[in-house]
Amino acid sequence: MRISDKNIKIFLSDDKKISEAEISKLEQAAKQQKKHLQDVVIKRSVATEDELAKWYSKTNDIPFIQLDPKTINLEVMRLIPERIATRYKAILFGEQDGIKQLAMDDPDDLQAIDFMQKELGSKPAIYLATRSNIVSALDLYRGEMSSELTKVISEDIEAESEQVEVSEEDVAEDSPIAQTVTLLIEYAIKSGASDIHIEPREEYVQIRYRIDGVLQEADKLPKKVQAALASRIKILSNLKIDERRIPQDGRFKISQAGKMFALRVSTLPIADGEKIVMRILDETNKALSMEDLGFWGWSLRVINQAIIEPHGMILVTGPTGSGKSTTLFSVLSLLNDHTVNISTVEDPIEYKIVGANQTQVNSKAGMTFASGLRALLRQDPNIIMVGEIRDGETADMGVQAALTGHLVFSTLHTNNAATCLPRLLDMGIEPFLIASTVRAVVGQRLVRHVCPECRQSYSPDTEVMDQIKEMFGVGTAADFSKIHDLETKALEEGIGKDVANLSTDGKKILTLFRAKEDGCSACGGHGYRGRIGIYEVLENSSEIQHLIMSDTTADVIQQNSVTSGMMTMQMDGFIKALRGMTTIEEILRVTRE
């Protein structure tokens with residue numbers, strides 16, 4: 001759907017979204033970037049694709065449809081071949097009173113409509129749908145991954161344990177192996193996987209996807225395809241095909257469902273061959289606000305205050321895969337404008353930030369975090385982001401940068417926010433430097449979001465309540481009153497807003513939620529869909545500074561922070577479980593110590 005710049009201006013004026021002066025600025029930006037005004041408006045989140053489509057629908061008297069893959073009539077859909085539907089971004093989704101219903105991205109494309117009419121032998125009823133909605137619905141042309149792979153891998157391949165020679169034909173663009181790799185990636189993206197694991201076993205090659213933080217087996221391939229599969233992925237990633245004895249790292253990009261994805265590839269020699277892991281990064285992802293990430297209450301207040309300080313250090317802690325990079329990406333995007341110089345040194349660069357100067361670590365060439373940070377300090381930065389503090393040298397330089405008027409962001413691998421401060425001491429940083437430079441420490445984890453379509457509510461029995469009292473340290477009347485107050489505040493700030501009623505009454509817990517065992521079609525039968533963050537934000541108050549100076553343990557720092565008002569990760573997760581966003585089991589899975 002392409003809306004003219006003139007009509008976009010009418011939409012913005014009629015809807016009173018922004019002022020005339022702001023519309024002029026958008027027009028100027030569109031001219032400078034040589035783009036349509038529509039693209040700039042969507043990119044800058046002035047209006048969404050849905051809002052523009054609905055306005056266009058109303059203005060041009062074309063019915064708007066939000067396609068739901070679950071309700072599309074597959075028999076009718078396949079009356080138009082996939083290549084035609086993909087070419088014209090159009091899909092048949094149903095039939096009413098003998099008339100086929102056709103959803104299109106561009107209902108003004110008369111040539112496409114005429115072609116479809118000839119293909120069907122009758123005139124269809126035309127509906128308007130967004131391009132992204134149609135692209136996602138086009139996935140229905142695909143079958144299950146196993147059946148698709150069976151089509152491209154010959155059924156008579158015999159499993160062999162020994163290595164086979166790989167010819168150029170085996171890994172050519174149109175070869176079965178190339179199609180296999182494409183299918184594995186397509187289905188991983190469609191499943192919402194963050195990683196693809198290709199693991200050679202003694203008699204087969206195991207394919208597993210990490211979905212919402214949990215590994216799930218996707219398929220098993222014949223052993224004989226192992227070498228060709230590895231070679232094809234190495235070609236895409238610009239790695240050495242004949243090097244199988246040492247680990248290699250590479251990267252390539254793929255366009256899927258109208259989005260651009262970067263795949264970070266890592267190979268590792270194991271007993272049965274080469275294991276390959278591909279991390280999937282959606283390059284079209286927009287930075288989320290602090291609220292969208294899941295910050296609220298005390299955590300939101302402290303982090304918002306810390307990131308507007310002119311100098312100092314903000315640290316994000318947690319294990320691998322806990323969402324630290326996503327949090328930093330959102331914070332830096334929030335601070336990013338033409339008046340500041342943002343410079344980063346990362347390993348690897350996972351998110352591209354427009355306008356920021358991002359440097360990739362290269363240990364072989366001598367570009368380490370420490371040397372990169374040293375170079376950044378000569379580049380007149382306002383804001384510095386160091387991907388990870390791994391050693392005393394990097395920690396010391398980060399502290400010095402914070403002391404000399406820079407705002408420094410970095411990550412540390414510690415269990416919670418409080419243990420971050422003794423960790424810096426262990427790296428040789430003087431206590432008075434930590435006390436005077438660190439502004440806040442964020443501890444975080446990712447938990448699976450229980451599917452809102454099929455989650456089940458229940459009243460906890462005595463056994464469940466005993467477990468909650470033991471795990472979360474709640475049991476007194478004061479504890480339940482405090483939890484009720486926190487849940488009330490969480491609802492006010494939009495946490496779990498789709499659950500209207502409170503799950504507590506100030507005296508007891510009335511309702512909890514659990515995932516449906518076999519899930520539903522919306523969550524792919526898992527009971528969970530997507531992930532959310534749970535956080536604790538430690539504010540480096542004057543009391544905490546005194547504790548750091550007196551070389552106090554992490555437990556004492558933690559207890560003092562909780563007394564001052566800090567909400568622990570477990571408590572944040574508990575409140576989100578009460579609000580129907582996740583489950584008690586999930587919180588315990590990621591926070592149990």
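Hey, what's the Cα Rg ratio for region 367-514 versus the globular rule of thumb, 2.2 N^0.38 Å?
1.49
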Heavy-atom accessible area of the chain with neighbours in place, 1.4 angstrom probe: carbon+sulfur share in percent works out to 48
Using +1 at the Cβ of each Lys and Arg and -1 at the Cβ of each Asp and Glu in region 354-483, identify which of Asn362, Pro460, Thr419 lies farthest towards the dipole's positive end.
-> Asn362
Expressed as an acute angle from 0 to 90° and rounded to the nearest 10, what is the orientation of the C-alpha long axis of helix 324-335 relative to the principal long axis of the chain?
-> 90
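Which order, highest average first, do 327-333, 518-524 follow once you tally other Cβ atoms within 10 Å for each residue and take the mean per peptide?
Working: 327-333: 21.9, 518-524: 15.3.
Packing order, densest peptide first, comes out as 327-333, 518-524.
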Theoretical gain in end-to-end length, Glu20 to Asn382 [0.36 nm per residue, Cα-Cα removed] = 127.1 nm
In Å², rounded to a whole number, the accessible area per residue of the chain with probe 1.4 Å is 49
What is the Cα radius of gyration of region 226-291 over 2.2 N^0.38 Å, N being its residue count?
-> 1.34
Under a point-charge model restricted to the Cβ atoms of Lys and Arg (+1) and Asp and Glu (-1), what is the dipole moment magnitude of the chain relative to its Cα centre, in debye to the nearest 20?
-> 1220
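Report Rg(Cα)/(2.2 N^0.38 Å) for region 442-524, keeping two decimals. Intermediate results must be reported in sequence, preceding the final value.
Values: Rg = 14.3 Å, N = 83, 2.2 N^0.38 = 11.8 Å.
It is 1.21.
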Can you pull the one-decimal nm distance between simple spin-label points at Asn238 and Thr284, each 7 Å off the Cα toward Cβ?
-> 2.4
For region 512-591, how big is Rg over Rh, using alpha carbon atoms and the Kirkwood form of Rh?
-> 1.18
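Place a +1 charge on the Cβ of each Lys and Arg in region 1-149 and a -1 charge on the Cβ of each Asp and Glu, then give the dipole magnitude about the Cα centre in debye, rounded to the nearest 20.
The calculation lands at about 520 debye.
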Over the chain, what is the relative contact order in whole percent, taking alpha-carbon pairs under 8 Å and six or more residues apart?
-> 9
Per DSSP H run of n ≥ 4, the term is -39500 (n - 2.57); total these for the chain, divide by its residue number, and report the mean residue ellipticity at 222 nm rounded to 500 deg cm²/dmol.
-> -11500 deg cm²/dmol
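Please state the equivalent ellipsoid semi-axes for region 364-440: what are the square roots of 5 times the Cα gyration tensor eigenvalues, largest first, in whole Å?
The equivalent ellipsoid of region 364-440 has semi-axes of 20, 15, 11 Å.
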Calculate the tail of P(r) for region 227-365: the fraction of all Cα-Cα distances greater than 26 Å, expressed in %.
-> 38
Please tell me which of these pairs span more than 18 angstrom C-alpha to C-alpha: Lys70/Lys190; Lys34/Lys259; Lys286/Lys324; Lys482/Lys576; Lys324/Lys352; Lys70/Lys123?
-> Lys34/Lys259; Lys70/Lys123
Ratio Rg/Rh, restricted to the chain and using Cα atoms, in which Rh is the Kirkwood radius | 0.99
Quick one: helix 49-60 against the long Cα principal axis of the chain, what's the angle to the nearest 10°, folded into 0 to 90?
-> 40
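Could you work out the local net charge near Asp551, counting Lys and Arg as +1, Asp and Glu as -1, over the other residues with Cβ closer than 14 Å to its Cβ? Write down the numbers at each step before the final one.
Numbers: positive: Arg423; negative: Asp426, Glu430, Asp555.
With Lys, Arg at +1 and Asp, Glu at -1, the neighbours total -2.
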Using only Cα atoms, find the angle between the long axis of helix 392-403 and the longest principal axis of the chain, and express it within 0 to 90 degrees, rounded to the nearest 10.
-> 80
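The values are calculated or read from the model by the stated rules, or taken from the named source; none is laboratory data. As the structure is a prediction and not an experimental result, all values here were calculated from the model. So basically every Cβ, Gly included, is an ideal-geometry build from the backbone, and we count neighbours across all protein chains shown. For the accessible areas, the whole protein counts, side chains as well, though only heavy atoms, and no ligand, DNA or RNA atoms are used. Shrake-Rupley method; radii C 1.70, N 1.55, O 1.52, S 1.80 Å.
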